[in-house]
1. The chain: Rg/Rh from Cα coordinates, Kirkwood Rh?
2. Using alpha-carbon pairs under 8 Å, 6+ residues apart, how would you state the relative contact order of the chain in percent?
3. Could you rank the peptides 332-343, 45-56 by their average count of other C-beta atoms within 10 Å per residue, with the highest value first?
4. Taking 0.36 nm per residue of sequence separation and subtracting the Cα-Cα distance, how much length would be gained by fully extending the chain between residue 420 and residue 174, in nm to one decimal?
5. Add +1 for every Lys or Arg and -1 for every Asp or Glu among the other residues with Cβ under 14 Å from the Cβ of residue 102, and state the total.
6. I need the Debye-formula profile for the stretch 333-483: one equal scatterer per C-alpha, no solvent, reported as log10 I(q)/I(0) at q = 0.20 1/Å, two decimals.
7. Quote the FRET efficiency, to the nearest 0.05, computed for residue 97 versus residue 24 with a Förster distance R0 of 22 Å and r equal to the Cβ-Cβ distance.
8. Over the residues of the stretch 49-109, compute the C-alpha Rg and express it relative to 2.2 N^0.38 Å.
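Each value in this text was obtained by applying a stated rule to the coordinates, not by laboratory testing. These numbers come from a predicted model, not from an experiment. Using ideal geometry, Cβ is built from the backbone for each residue, glycine included, and neighbour counts are taken over all protein chains shown.
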Amino acid sequence: MFKKLDKPYFDTREGYNESYVDSLPLLRNIPDYRPPGCENITYPTSNTTVSVVLNYHNEVLSLLLRSIYTILAAIPPHNLCELILVDDASNFTSYPDLERVEPLVSQFTVSVRYFRFETNKGLIYSRVFAAKKARGDTLLVLDSHVEMKKGFLEPLLQISDRNYRAIAAPVFDFFETFRMVHDDYDGHGLGYDAYLNWVWVIKYFTGTVPWQIPGILGGAFLMTKRRLEEIDYFGKGLVGWGGENIELSLKNLMCGGEIWGVPCSRCLHFAASRNPEIHGDRVHASKTSNVVTVAKSYLDDHQFEEFLKGRPGYPYADERAVAENKKLLQDLKCDRDWEWIREHLMDPVIESFSSKTHIAVGLMFGEQCIKVEGDDVFKLHPCDSSQPFVNQLRLTKRFELRWGKQRCFDIGGTPTRLSLCHHLEGHQKFHYSILTEQLSNKAQDTCLTFKPEDATLAFKKCTRNSPNQKLRFKTVFLPDLIP
């Protein structure tokens, strides 16, 4: 049914294993990834109507059609108002099969509205365009390479029916088609760090009860048309792809809304082997400038200054959009801010501005700062006061020795090396003493030690009064936490 392309060409094109995804039936019995107990929950019948939005550019035909077919099979007919397809200027020379989508879906009994742009508008424009066209009570926005089972919609509608200001997000189950790897992204503990990067705090969450979260991933969410109109949709001043999910989340929360992660609603997402910043024939539409516009719109002046320290050389914000966004917050009398979101919805270990989650920042030996090269080499470099926290060695309130956005030093291997922060202490727990000036790991009685022979540092057995183990932090925020 589908054309075949060799893997090397396809991998550079869209990042999926085309032979594999083409081999799958359009309707199949996918695994049930829900937590135990979800199958026993009965949800009240909802008469809320849903407009489903799928926007795409040069999508793999089998993935797109599978998304459409599973939506039609999973959503109760009395809830499904319409399916809105937005073709964002797909290249029919390279993707001729996409011309078959419109005649194929025209055979369905459900209302299918098909729009095609002749020039590429980008994901954000396409979604807002579709949202304004939608006729349903609620809008279900989905990526165009997903699958779901029956029972997907009902837990989401329960959230939005209870509060029209609530955004309901299913749990994403990612499936990478070359390595055949499955992973779930339940969003528990998910938040933004000081630079509006996603941070995933690893927690072991089980249960069927929805939980409040600080943001959506953007690939699958449901919210009411009324709320979208009330907050003037999303994406003002944003181009292409990226940052729109952060903006929608912040704006909705700051203006009295809620965001819920719903564990009994699952969405299987076919994950590409690369990031969609360059998607098909599109030129990279700078996600970075989008996030700067979002930050300047929704952070206060001090927070925005801190944000920029982590974005060296980033482009300027869209000042017109910033002014319009700030005016909207005033007009809607939005009384929450970033600090409210951080305090009420984000795990306390997620790095925030200034000293919120740090004991000390900027580890030094002598007059030079210690930096990391690769995953395991400590070297000395001249200190740079303009460097953001993310580019400095820092001790957190969880006594992690952090470097970068989500990486912590782990003493469990040889040599000690960076790995994903797991927040479970143990091999990632370090201590600094102002009295002895040593940075140590108690589990192995080792201290970070300067090695004169190659001017690097490594963890060696702690030795009292060793001059090569005397370190200090450039800035200490919470001296009471350092013995």
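1. Working: Rg = 24.7 Å, Rh = 24.5 Å.
With Rh from the inverse mean 1/r over Cα pairs, Rg/Rh is 1.01.
2. It rounds to 13 percent for the chain.
3. Values: 332-343: 15.5, 45-56: 20.5.
In descending order of packing, they fall as 45-56, 332-343.
4. 86.7 nm
5. The answer is -1.
6. With one equal scatterer per Cα and no solvent, log10 I(q)/I(0) is -1.33.
7. Given R0 = 22 Å and the Cβ-Cβ separation, E is 0.90.
8. 1.14
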